[in-house]
Amino acid sequence: MEESKAEKPKWVKMKSADLEKRIIDLAKNGNPPEMIGIILRDEHGVPKTKAILNKRISQVLKEAGIEIEPESKRTKEKIEKIKIHFAKHKHDYTSSKALTKKLWQLRKQTQ
């Protein structure tokens with residue numbers, strides 16, 4: 001028996017109006033849509049907002065008139081921070097790998 005992807009899980013207690021309000025509050029605190037999804041999952045037990053609202057977090061924010069930075073801009077900022085760190089710590093191979101992964105992400109986003 002397959003469940004519909006848009007069907008709300010029975011164990012989620014949050015109503016759609018409360019969820020939209022919570023998304024807007026988190027965005028006003030400066031959280032990007034990716035982080036809002038993680039917070040909703042970890043703190044409120046919401047597995048997917050699309051299952052409850054039938055729209056994505058970014059769509060909810062656009063409808064509320066909240067401007068969000070493009071993902072590519074946030075990725076570029078992270079790359080710059082990692083480059084600064086790596087310039088100071090040449091033997092930090094973990095940051096080197098993280099830099100490579102972020103550059104891959106940026107290339108994929110711009111294609």
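The values are calculated or read from the model by the stated rules, or taken from the named source; none is laboratory data. Predicted, not measured: the structure shown is a model, and the values here were computed from it. Heads up, the Cβs are rebuilt from the backbone with ideal geometry, glycines too, and the neighbour counts pull from every protein chain shown.
At-a-glance table
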item: Segment 52-71, residues that are assigned to a helix (DSSP H, G or I) and surrounded by 14 or more Cβ atoms within 10 Å (Cβ to Cβ); result: Ile52, Leu53, Ile57, Ser58, Gln59, Val60, Leu61, Glu71
item: Candidate set: segment 40-90, residues that are among the hydroxyl-bearing types (Ser, Thr, Tyr) and within 30 Å of Trp11 (Cα to Cα); chosen: the one nearest to the chain's Cα centre (by Cα); result: Ser58
item: Residue list for segment 72-100, filter: charged (D, E, K, R) and either assigned to a helix (DSSP H, G or I) or touching a His at 6+ places or on another chain (Cβ under 8 Å) (or both); result: Lys73, Arg74, Lys76, Glu77, Lys78, Glu80, Lys81, Lys83, Lys88, Asp92, Lys97
item: Lone unmet requirement of (1) of a type in the set (A, V, I, L, M, F, W, C); (2) in contact (Cβ under 8 Å) with a residue 40 or more places away in the chain; (3) closer than 24 Å to Lys108 by Cβ for Val60; result: (3)
item: From the options Leu40, Leu103, residue that is surrounded by 16 or more Cβ atoms within 10 Å (Cβ to Cβ), at negative phi and either not polar (S, T, N, Q) or not in a helix (DSSP H, G or I) (or both); result: Leu40
item: Pro33 vs. criteria in contact with a Pro (Cβ under 7 Å, 6 or more places away or on another chain) and not small (Gly, Ala, Ser); result: no
item: Selected residue [in contact with a helix residue (DSSP H, G or I) (Cβ under 7 Å, 6 or more places away or on another chain), buried (at least 16 other Cβ atoms within 10 Å of the Cβ), under 29 Å from Lys108 (Cβ atoms) and modelled with pLDDT of 90 or more] from Thr49, Thr75; result: Thr75
